[in-house]
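The values are calculated or read from the model by the stated rules, or taken from the named source; none is laboratory data. Source: prediction; values computed, not measured. Positions of Cβ are backbone-derived with ideal geometry, glycine not excepted, and every protein chain shown enters the neighbour counts. Only protein heavy atoms, including side chains, enter the accessible area calculation; ligands, DNA and RNA are left aside. Shrake-Rupley method; radii C 1.70, N 1.55, O 1.52, S 1.80 Å.
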Amino acid sequence: MKPIGVVDYTTAYGKPLPQDPFAMLRLYPTDLIIAYLAKINVILFHEPDSRSQAIKIFEHVFLKPQASTVDYQRTVDQLLSHEHQVIFAAQSISYLIKESLLNFRAAEGPEIDLKLFNRNVFDTILIYNKIVYDTDGTQLESYEGLWQIALRQQVYIRDFNALFYTVPIKFLLINRYFDSTPEGRQIMASFQKQLGLGQFWNFASTFLRLLQGVLGNERTGQYIFQRDQVPPQALELFSFDKSANRDQLSIHKDIIPKPFYELDENNYAVIDFSYFRYLLDQGVFWTIFFNSSLNHGDVGRQFNIFRSTIGKDYFERFLVGNLMKALYNKKHHVVIDCPPYEDLWIRPNQKDLIILEIKMADLNPLTSEGFDVQRFRDFIISNYAKPKDEKGGAKGAFQLARQLRLLENSKADALAKLKIGALKKLNVYPVIIYSDQALDVICVNSLVKNIFEEYLAEEPGFSFTIKPLVMIGINTILEQFGYFTEDPTNFLALIRGYQAHIRGKQKDYLRFGGPFLYYEQHISFAEYANKVKGRPKDELTQNIQIFKKLINSGHFGPIDKPLQ
């Protein structure tokens, strides 16, 4: 999560928001509004520096009818009061796009005064900046207050590196998973037939090629494509249907899965290139299900069955299980994934034991879209910190607690299997591996860790040392996998470094207080890893080769044809 400030209508003009926030644009054709907003989005996607973003948007979007000598750099500097402030935010523009599509207006009527239209678009953007980023009264030194800010930033669909470097790895592994069984090959064959894009990889490459074209453009990035530049099946399946009558729209359910927008019969705009991330990552299993032989009968029920299978067979066993076995593959390593040792026990050396609880669960997109902090908290607890009760079994932290008790009660033969001597000399690292990048935000690890520690405090003592619980996202493992494979001790070293960082910041906060130190003591493992290790592009590119080598070696199952 980046601490940012957003210039809004109230601070820029000293006025309250108008009663109708969309009033200034209501009479303009929707195609024109979307063309402007999509152009802004491609610049935000293309240019990482917020000041440069604003200057380019003024220069390339808010065009003057005649030659202009406006000093946009001076204009931007007058609006921005510090380096972490932005004028244009893709997150608030998403909500303005939603409102524009909900109030669709055909391209008809008198000639448009472009000068007035430019001013109205800019002012309406500032209005929606205020609506989306209005956190006045938010308590920054609280989980809920920081979640209010984090949910607004949509990091889970706006991670550039994940889109370009972990998505290709996931596609390689998903393809390998489905290709490993006759049933999987049948599902993939029906998916490929329905989409008409050939091999599964072609689905990803269709969107990645468009992205490469954007980033290769030295001006501001292409965002309008002619019909013949995009496969017709992609346009048919993933274009927003502006002809449909709607009383309501969801950004996540209606717009993000349909990122193409038809401007006319020959030209399509990409509403937001970050939306490709959903199609290629979070939404890929839904896309496979919906466009394959799996889609029959009760869609909701059938998808839940498919999703449950994917969570256990693909995410837990095939993906995370094989990654850990590739990482800990030396003779002295012990990796056990059979009952009663669940989900995965790893003894990397004589003094340490890692116990993994692996859980695939997706946050309901309407939770983040509505900035619903209570539902976000409920999602975390119900999936990762729930005790056994009348509604079902234990989840997450409480499953780890059960495994700790199993270890404490283990007999000599069981300890011998793990190559563990005296328990009193053992350090145990409880780790939860999760799938949804939305959980990379601040305070999630702290919440689950605290619930875990409160429960253990009421339990009878353990012979061994229990280290603080750590939650790690699968994207972080994929991004850092090259670093981990360089030396398997790096995985545990990064966990220890994270725990030391948290302890240090907790001490600092108790001594000095303040929202910054409160934030720092609650950062996620993903944010810590990115801060101390980074995500160098050469390493991320090398990761793809590492996974190709693993696949070709048969680590993820027998293959007929090696990957090139």
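Among the residues of the stretch 380-412, those that are open to solvent by less than 20 Å² (accessible area, probe 1.4 Å), modelled with pLDDT of 95 or more and under 29 Å from the mean Cα position of the chain (by Cα) comprise Ile380, Tyr384, Ala385, Gly396, Ala397, Leu400, Ala401.
Looking at the stretch 12-25, which of the residues that are of a type outside the set (Asp, Glu) and under 14 Å from Tyr128 (Cβ atoms) is surrounded by the most Cβ atoms within 10 Å (Cβ to Cβ)? Among those that are of a type outside the set (Asp, Glu) and under 14 Å from Tyr128 (Cβ atoms), it is Leu25. Look at the stretch 420-446: where a residue is over 19 Å from Ser410 (Cβ atoms) and a partner is among the charged types (D, E, K, R) and assigned to a loop (DSSP other than H, G, I, E, B), sitting 6+ places away or on another chain with Cβ atoms under 8 Å, you get Ser435/Asp362; Asp436/Asp362; Gln437/Asp159. For the stretch 516-545, how many residues meet the condition of being among the small types (Gly, Ala, Ser) and not in a helix (DSSP H, G or I)? Selection size over the stretch 516-545: 2. Mind checking whether some residue in the stretch 553-563 is part of a helix (DSSP H, G or I) and open to solvent by 30 Å² or more (accessible area, probe 1.4 Å)? Scanning the stretch 553-563 turns up no residue that is part of a helix (DSSP H, G or I) and open to solvent by 30 Å² or more (accessible area, probe 1.4 Å). Taking each residue of the stretch 382-405 that is more than 19 Å from Ile472 (Cα to Cα) and touching a residue at least 60 places away in the same chain (Cβ under 8 Å) and looking for partners that are outside any strand (DSSP E or B) and not aromatic (Phe, Trp, Tyr) with beta-carbon atoms closer than 7 Å, six or more apart or interchain, yields Pro387/Ala394. Within the stretch 285-302, being buried (at least 18 other Cβ atoms within 10 Å of the Cβ) and part of a helix (DSSP H, G or I) holds for Phe285, Thr287, Ile288, Phe289.
Does Asn175 count as in a helix (DSSP H, G or I), open to solvent by 50 Å² or more (accessible area, probe 1.4 Å) and of a type in the set (S, T, N, Q)? Yes; evaluated as a whole, the condition is true for this residue.
Whether a residue is among the charged types (D, E, K, R), loosely packed, with under 12 Cβ neighbours inside 10 Å, in contact (Cβ under 8 Å) with a residue 24 or more places away in the chain and within 30 Å of Gly321 (Cβ to Cβ) was assessed, and Lys537 passes this test. Scanning the stretch 105-122 for residues that are of a type outside the set (A, V, I, L, M), in contact (Cβ under 8 Å) with a residue 60 or more places away in the chain and surrounded by fewer than 16 Cβ atoms within 10 Å (Cβ to Cβ) turns up Glu108, Gly109.
Being among the hydrophobic types (A, V, I, L, M, F, W, C), part of a helix (DSSP H, G or I) and in contact (Cβ under 8 Å) with a residue 40 or more places away in the chain is a property that Phe491 has. Test Gly473 against the stated conditions and say whether it is open to solvent by less than 20 Å² (accessible area, probe 1.4 Å) and touching a Ser or Thr at 6+ places or on another chain (Cβ under 8 Å). It is true that Gly473 is open to solvent by less than 20 Å² (accessible area, probe 1.4 Å) and touching a Ser or Thr at 6+ places or on another chain (Cβ under 8 Å).
Okay, residues lined up against (1) open to solvent by less than 60 Å² (accessible area, probe 1.4 Å); (2) polar (S, T, N, Q); (3) touching a residue at least 12 places away in the same chain (Cβ under 8 Å); (4) under 16 Å from Thr30 (Cα atoms):
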| residue | (1), (2), (3), (4) |
| --- | --- |
| Glu236 | no, no, no, no |
| Arg246 | no, no, yes, yes |
| Pro259 | yes, no, yes, yes |
| Glu262 | no, no, yes, yes |
| Asn266 | no, yes, yes, no |
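Within the stretch 323-340, the set of residues being in a helix (DSSP H, G or I), closer than 23 Å to Ala414 by Cα and not charged (D, E, K, R) comprises just one member, Met324. The one condition from (1) assigned to a loop (DSSP other than H, G, I, E, B); (2) closer than 27 Å to Lys170 by Cβ; (3) open to solvent by 40 Å² or more (accessible area, probe 1.4 Å); (4) not acidic (Asp, Glu) that Ala361 does not meet is (3). The residues listed here are Ile169, Ile93; of these, the one that is of a type in the set (Val, Ile, Thr), under 30 Å from Asp241 (Cβ atoms) and open to solvent by less than 20 Å² (accessible area, probe 1.4 Å) is Ile93.
Can you go through Asp247, Asp254, Asp241 and tell me which one is in a helix (DSSP H, G or I) and on the phi < 0 side of the Ramachandran plot? Within the list Asp247, Asp254, Asp241, the selection yields Asp254.
The residues on offer are Ile354, Ile305, and the sole one that is open to solvent by less than 10 Å² (accessible area, probe 1.4 Å) and either outside any strand (DSSP E or B) or farther than 25 Å from Trp201 by Cα (or both) is Ile354. When the stretch 484-519 is filtered for residues that are under 22 Å from Ile466 (Cβ atoms), of a type in the set (S, T, N, Q) and open to solvent by 50 Å² or more (accessible area, probe 1.4 Å), the ones remaining, listed by number, are Thr489, Gln506. Out of the residues in the stretch 542-552 that are free of Cβ contacts under 8 Å to residues at least 60 places away in the same chain and more than 14 Å from Leu323 (Cβ to Cβ), state the one that is least open to solvent (accessible area, probe 1.4 Å). Among those that are free of Cβ contacts under 8 Å to residues at least 60 places away in the same chain and more than 14 Å from Leu323 (Cβ to Cβ), it is Asn552.
Residues in the stretch 36-48 that are open to solvent by less than 20 Å² (accessible area, probe 1.4 Å) and farther than 19 Å from Val132 by Cα: Val42, Ile43.
In the stretch 430-463, of all residues being part of a loop (DSSP other than H, G, I, E, B) and over 17 Å from the mean Cα position of the chain (by Cα), the one that is surrounded by the most Cβ atoms within 10 Å (Cβ to Cβ) corresponds to Phe462. Of all residues being of a type in the set (Gly, Ala, Ser) and surrounded by 12 or more Cβ atoms within 10 Å (Cβ to Cβ) in the stretch 49-67, which is modelled with the lowest pLDDT? Just the residue, please. Filtering the stretch 49-67 for residues that are of a type in the set (Gly, Ala, Ser) and surrounded by 12 or more Cβ atoms within 10 Å (Cβ to Cβ), the one modelled with the lowest pLDDT comes out as Ser50.
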